[in-house]
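Throughout, read-outs are computed from the coordinates displayed, never taken from laboratory work. Quantities reported herein were computed from a predicted structural model and do not represent experimental measurements. Every residue, glycine among them, receives a Cβ derived from its backbone with ideal geometry; neighbour counts consider all protein chains shown.
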Amino acid sequence: IPEQEIVTLVVEHKSNFTSSEWKRICWFEISFSGDFKLKQSDLPCEEVLELQYCKYKSLLTLVYCSKKWVRESETQIQQKNLRYQASDKENQVIITSGQGHIAIILDSDIKSLIDIYCPDSIGHIVCFDLTKSENVNSVCVVLFQNQELEVSFDDLCSRIFYMLKRRHNVYLESVLLIKTEELKDFVSEDDNVYRFLLRDSVETKQLKKISNVWQSGALIDGTLEYEGDIQCQRCYKGVLSKPLSTDNFNIAQEWYLEIPIETQVLLENSINKDTIRRHKDPDSFVKTKLEKLYSVYDVLLNLHNKKFTGVFQKSNSSKLLIEYKSVGFVFDITSAVGATSSLSQAENQVKSGTCKDLCYYNTYLKDNSLSYQTFNGEIKSFVNLRSCHLILMLDNLVRLQYIADPNPGEHRSKQLCTLPITLQGLPLDSTITQVWHLAMYNGNLNCSCKQPVLLKKDDIQRVLLKTDQNEKTMYTQFFNLMTFGYLVLWKKLPG
C-alpha cells in the first residue's frame, strides 16, 4: 500500500526512524485505520492518538499472552506425549522388579536429576532389571556419555540411588557409563534405544569398552517392603493415570480440564452463539464444535513443535493409511490443512510398533495374566513365554481383499494367502506338561526327567539335526505308507 493512502500516517516523520522501525509503524497504522475505518476528517487528532495508544496497549497484552502460551505449549506437549505412551499398552514397557515400574518414567526421573548437575554430559538413559541379580527389587542403569561429566561420577550415582529408593521404592544395583559412539548398534534410526537387547549384552558381558562402573554395594540395606502393591504408585499416578487416546476420549473433560483457560477463551470466541441457540440438538452441536477447536489447538501445537501429533491427527492418519486406495493424494490434502500428519510420519508411526526390541519384549518377556489347570487345581498367574514350553504354530490362511475402484483388467476381489506364525506357551506346572515323562519316570511329579538341561553349541547337531534310530524307523514306515513302494510318488509330494 502506498504510504500516501494510509490515512493516519504522518509521512513527514519518516526521517526520524530507521527503515525497519518505519515499516513497523506503517504496519501498525494500516491495521489501526482498517479497524476503525477512519477517513482523514472523521476525528480530531487528539482522539485518534488516544485510540492509537489504546490499541498499542492491547497489542502489548497480546504479546504477553502469546509468550505465556508458548511456555504452556511446551508443558502441554510433554504431558500429552506421556499420556499417549500411557494409552499405548502394547508399546508400554514394564520393568518387573518386585513391583511393576514403567520404564519411561524411571528414565525420565533419572534424566531430570542428571540435568540438574550435568545437563549436556549424558544423552540416552536406559533402565532395566537384571535377571541374574540376587536382589529382586533392584535395577541397573546405562548412561550414554556425550562429554565429560561436570560432577563426580560416584556422587551422581549415589544421588540416583537415593532418588529411586525414595520415589519408586527400588534399589539401584549398578550404573554403567559408556560413550555414546560405543552404543550406536543399540540405537534405532528414529533415535530409540533397544532396551532389552542392551540388557542381554550387559548380562552376557559382551560390552567391552565401558568408561566407568558404579556398584551400590553396602548402600543396599535389606529388602524393600511393598505393602501389597504390585504397581509402583509413582509410575501409575499423575499424568499416566489419564491415558490419552480416541478409545477413552471425553471431549468436554479434555477441553475444560486439560486445555489452558486462556486458549479456551480465545478459541471459543470463534463459535457462533446464535447458531447454538437455533440448533435442534445444542449439546451435540457444541460437542462437534469443541472437537474441531481441540483439533485446531493440536494443529497449533504441531506448528510449535513439528514432532508433536494430536490425538485426532493420529486417529485420522491410521484410518487413511489403511482404508483409502490413493493414500498419497489423500495425505497431501489432509496434512496440508492439519487434519492428519504427513504420509511419512504415519508410516513411521506404524513401523514403530514393529521395533525389534519391543517385539522381543512383548513376545518373550512381557508377563500376561493366564488361568490354567494344575494338579492342585486352577490357578491364575502372570507368566511369559520365557517361563513356558514353546509351541510353534504355522497356519495357512486365505482372506479376500475387495477393491472399490479396480484398475482396468483387475477384479473387484482377490485372494491373499498368508502364513501367520504363532508362538504359544505351556506353563511348566500345567496338567498337560506334568504328564510328560521319560521311561525312567519314578512316580514323582518332580522326577529327574523334569530337570532342565543346559544345551551347548555343539549339542544342536546332535539333538536337533541328527535323527536317532526310532526316528529313522518312523520315517521309513511313513515313506512306505505314502508311496506303496513307488519312489516317483514320494518325489511328487509337496514340501
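At full extension, THR204 and LYS319 could sit 37.1 nm farther apart than now, given 0.36 nm per residue minus the alpha carbon distance. Fewest first, what order do TRP436, TRP255, TRP69 take by the number of other Cβ atoms within 10 Å? Least to most surrounded, the residues fall as TRP436, TRP69, TRP255.
Label-to-label distance for ASP190 and ARG412 is 3.7 nm, based on points extended 7 Å past Cα in the beta-carbon direction.
From its DSSP helices (H runs of at least four residues, each -39,500 (n - 2.57)), the chain gives a residue-normalised ellipticity at 222 nm of -13000 deg cm²/dmol. Taking the DSSP beta bridges with both ends in the chain, the antiparallel portion is around 80 percent. Note: relative contact order over segment 332-441, using C-alpha pairs below 8 Å and six or more positions apart, is 20 percent. Set the Cα radius of gyration of segment 265-374 against 2.2 N^0.38 Å, with N its number of residues, and you get 1.52. Cross-link partners among aspartates and glutamates for LYS466, C-alpha distance below 17 Å, same-chain residues fewer than 8 apart left out? Result set, ordered by chain and number: ASP458. When exposed loop sites are taken as GluC sites (Glu not before Pro) in a DSSP loop with at most 12 other Cβ atoms within 10 Å, the longest stretch of the chain clear of them is 228-409. Here the spin labels are modelled as points 7 Å beyond Cα on the Cα-Cβ line, and at ILE403 and ASP115 they lie 5.0 nm apart. Diffusion of segment 279-327 by Stokes-Einstein, at 4 °C in a medium of 1.567 mPa s and with Rh set to the Kirkwood radius over alpha-carbon pairs, works out to 104 µm²/s. With 29 Å as the limit on Cα-Cα distance, the pairs of LYS209/LYS456; LYS242/LYS366; LYS23/LYS289; LYS111/LYS351; LYS111/LYS307; LYS68/LYS165 that go past it are LYS23/LYS289; LYS68/LYS165.
With contacts taken as Cα pairs under 8 Å and at least 6 residues apart, the chain reaches a relative contact order of 9 percent.
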